[in-house]
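Working notes for the structure below.
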Amino acid sequence: MNNEWSRLKTELPELLEQSRKEAAHGQVAEYIPELAHAHAYGLGITIADLQGNVIHAGEHELPFTLQSISKVFTLLLALMDHGEETVFAKVGKEPTGDDFNSMLKLELVEPGIPFNPLINAGAIAISSLIKGRTPQEKSGRVLEFFHTIAGDNSLAVNENVYLSEKRTAHRNRSLAYFLKENQVLEEDTDVEEVLDIYFRHCSIEANCAHLAAMALILANQGVDPATGAQLIPKRYVQIAKTFMISCGMYNASGEFAIQAGIPAKSGVSGGILTLVPGRYGIGVIGPALNSKGNSTAGVHLLESLSLSYGWSMF
Ligand code: DON
């Protein structure tokens, strides 16, 4: 066992408790009513290394829905289904500087495609690219992909969160219809079916260990470190990680890149999936969010870890 790992084991609980205080500056997401029940002061982390060692601290067993974290993996599945050319005809490769659910640039900037696959509009466009004969088959393939990447076939959609979002997603619904108007969603696309695939993947429930396992595959260039199987082509993992750096924390991505310097993806339930390339997969949960929609305590914890262990890629 190397020095850093044993230091991490000793120091992680204390670092976590220091960061927990930051939750006081955040608020649990309420626009999806079912998310409002989350424990605002909960904070948990799991770190997994390539040798199969795992460290946990805090409430790492708290279940939460993946929300926007799932967008990284639907992007990967769409790339595996169609290749780069088709995918990037539908979504761009640039950050927006706007909120994750903004529709501003869809109208302002030609050709009216979402700026990137991690904002809501982009992820909805990506949902329309998942292959399958029926909507059930498409959502089934997405869930299966998560089973493979997380190494747990019991991962499932939290039906309450799914229905809660489906009932209240007026903004996402308008984004999706706008995408159809702009021909990002094809003429024969049933918009409600595409939204259903999107709501379902956002509502897949997981915990920190699942995020760490998924992140470890990305940290290891798409190869499952336990079996040596190439689960995702290296090129697509490279694309996903680049988006995580430039857009993964929304319009706080630049700040997180400066402070922590590692690819990360957040979700409104307070989860963050991140990784130290070639070394660790990391999952964090802390439901209280800052104004940009990222976990206040989770961001603080990752920034202090990166600073004290020198994890920045830059
Ligand atoms: O579409 C939504 O608004 C949510 N299902 C996901 C948004 C999200 O997680 C943004 N993250 N910070």
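Every number here is computed from the coordinates shown, using simple stated rules; none is lab data. Please read these numbers as outputs of a predicted model, since none were measured by experiment. Cβ atoms come from the backbone with ideal geometry, glycine included; neighbour counts cover every protein chain shown.
Across region 33-39, computed HN-Hα scalar couplings (Karplus, 6.51 cos²θ - 1.76 cosθ + 1.60, θ = phi - 60°) run x, 5, 6, 5, 7, 5, 7 Hz from first to last residue, x flagging Gly and Pro.
The label point for residue 160 and the one for residue 227, both projected 7 Å from the Cα toward the Cβ, are 3.3 nm apart. Please work out, to two decimal places, the log10 of the ratio I(q)/I(0) at q = 0.14, 0.20, 0.26, 0.29 Å⁻¹ from a Debye calculation in which every Cα of region 255-314 carries one identical scatterer. Log-scaled intensity ratios, in q order: -0.33, -0.66, -1.08, -1.28. Working note: Karplus 6.51/-1.76/1.60 with θ = phi - 60° gives region 152-162 the couplings 8, 6, 8, 4, 8, 6, 7, 5, 5, 5, 4 Hz, where Gly and Pro are set to x. To the nearest 10 degrees, how steeply does helix 191-202 sit against the main Cα axis of the chain, on a 0 to 90 scale? Roughly 10 degrees between the two axes.
Convex hull volume of the C-alpha atoms in the chain, normalised per residue: 115 Å³. For residue 271, the residues whose amide H sits under 5 Å from its own are 286, ignoring neighbours fewer than 5 places away on the same chain, with H placed 1.01 Å from N.
Taking other residues whose beta carbon is less than 14 angstrom from the beta carbon of residue 184, and scoring Lys, Arg as +1 and Asp, Glu as -1, yields -3. Calculated [222 nm] ellipticity per residue, helices only, for the chain: -14500 deg cm²/dmol; basis is -39500 (n - 2.57) per DSSP H run with n ≥ 4, divided by all residues, nearest 500. Angle of helix 135-150 to the longest C-alpha principal axis of the chain, folded into 0 to 90 degrees and rounded to 10: 20°. Within the straight-line cut-off of under 25 Å between alpha carbons, the lysines reachable from residue 9 are 21, 265, sequence neighbours fewer than 8 places apart in one chain being disregarded.
Would you list 311, 5 from fewest to most Cβ contacts within 10 Å?
So the ranking, lowest neighbour count to highest, is 5, 311.
By the beta-carbon count within 10 Å of each Cβ, the least crowded to most crowded order of 188, 98, fewest first, is 188, 98.
With a/c under 1.5 counting as rounded, go ahead and sort region 68-202 into rounded, prolate or oblate using the C-alpha gyration tensor (a ≥ b ≥ c being the square roots of the eigenvalues; past the cut-off, prolate if a/b is larger than b/c, else oblate). The shape class here is prolate.
For region 276-287, the Karplus equation 6.51 cos²θ - 1.76 cosθ + 1.60, evaluated at θ = phi - 60°, returns couplings of 10, x, x, 10, 10, x, 10, x, 10, 10, x, x Hz by residue, with Gly and Pro reported as x.
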